[in-house]
1. Tell me the per residue accessible area of the range 1-158 using a 1.4 Å probe; a whole number in Å² is fine.
2. Taking 0.36 nm per residue of separation and subtracting the Cα-Cα distance, what length does fully extending Arg208 through Lys94 add?
3. Once the Cα gyration tensor of the range 23-90 is diagonalised, what are the square roots of 5 times its eigenvalues, in whole Å and ordered largest first, as equivalent ellipsoid semi-axes?
4. How large is the Kirkwood hydrodynamic radius of the chain, counting all unique pairs of alpha carbons, in Å?
5. Please report the carbon-and-sulfur percent of the accessible area for the chain; probe 1.4 Å, protein heavy atoms only, DNA, RNA and ligands left out.
6. Could you tell me which of the pairs Lys61/Lys135; Lys38/Lys89; Lys5/Lys61 are separated by over 24 angstrom between their Cα atoms in the structure shown?
7. Return, for the Cα atoms of the range 119-203, the radius of gyration and Dmax in Å, separated by a comma.
8. What accessible surface, in Å², does a 1.4 Å probe find on Glu103, ignoring ligands, DNA and RNA and rounding to the nearest 10?
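The values are calculated or read from the model by the stated rules, or taken from the named source; none is laboratory data. Being a predicted model, the structure only gives us computed values, none of them experimental. Ideal geometry is used to build each Cβ from the backbone, glycine not excepted, and the neighbour counts take in all protein chains shown. Just the protein is used for accessible areas: all its heavy atoms, side chains included, with ligands, DNA and RNA removed. Shrake-Rupley method; radii C 1.70, N 1.55, O 1.52, S 1.80 Å.
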Amino acid sequence: MLVGKIPWQGVLLSVQPRIRLTRSFDQRSHTYLGYALKVSGRIGSEAREFLVGVGQGAHTKHHFRAGNAVSGDALPVPDPRLETVEFYKVSNLKVGLPEPEDEATPPPWRGAPPPLAVYRERGHRRLAARTFQQKCWSCVWGCRMPVEMIIDQWNPSRRRYRTETFCYGPLSCPLYQSGPVRTVPGRRRGMTYTEEGWVDDEATSHRRPEE
Ligand code: SF4
């Protein structure tokens with residue numbers, strides 16, 4: 001069935017990067033999709049919080065930040081395993097000026113997130129899911145990624161899906177909690193890759209603690 005675009009409107013609660021992670025045992029790669037807008041408002045006839053995905057071009061033009069009044073039309077994502085946003089392909093986008101809000105001292109960092117190239121250059125550390133949910137959901141350095149795991153590279157149809165949370169923020173952030181190490185299933189039964197802490201160290205060691 002062909003689903004038409006759904007009108008939505010509301011106020012931005014947070015803006016975070018929209019990045020997909022592909023894992024194949026000890027290999028990983030990122031797809032930089034754009035930004036995830038967390039909106040409190042109406043989607044169709046429903047009043048609730050929801051997540052809308054936009055591209056780098058829209059962010060370069062509008063500099064989305066928490067507090068903006070936003071509206072548009074969007075499609076539901078066809079495969080929710082590949083996205084953490086619920087809606088995408090936004091058209092008719094309108095963005096108002098941010099409502100004045102008390103600029104709380106970071107962390108978490110709010111305001112307009114940097115270009116995706118900055119996230120790529122900074123690299124990330126794993127972030128505990130609970131810390132993300134409680135403290136980092138509104139930080140421009142936090143990211144909840146959809147993860148696609150290719151279990152068998154000789155049989156690419158064998159895939160599994162989950163989400164993982166990451167921090168691109170300063171290494172000295174006092175809110176940071178790594179959470180448990182992550183494992184990736186392999187081709188044969190009992191084969192598991194464990195992503196140890198040195199992977200995070202390697203991805204972020206070019207930054208000083210306060211960067
Ligand atoms: S831990 Fe990372 S995502 Fe969370 S507030 Fe600190 S910098 Fe932001």
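1. Per residue, the range 1-158 has 51 Å² of solvent-accessible surface.
2. Gain on stretching Arg208 to Lys94: 37.2 nm.
3. Three semi-axes, in Å: 24, 16, 10.
4. When all Cα pairs of the chain are included, the Kirkwood radius is 18.2 Å.
5. In the chain, the share of accessible area belonging to carbon and sulfur is 52 percent.
6. Going by Cα-Cα distance, Lys61/Lys135 fall outside the 24 Å limit.
7. Looking at the range 119-203, its Cα Rg and Dmax stand at 14.3, 43 Å.
8. For Glu103, the solvent-accessible surface is approximately 130 Å².
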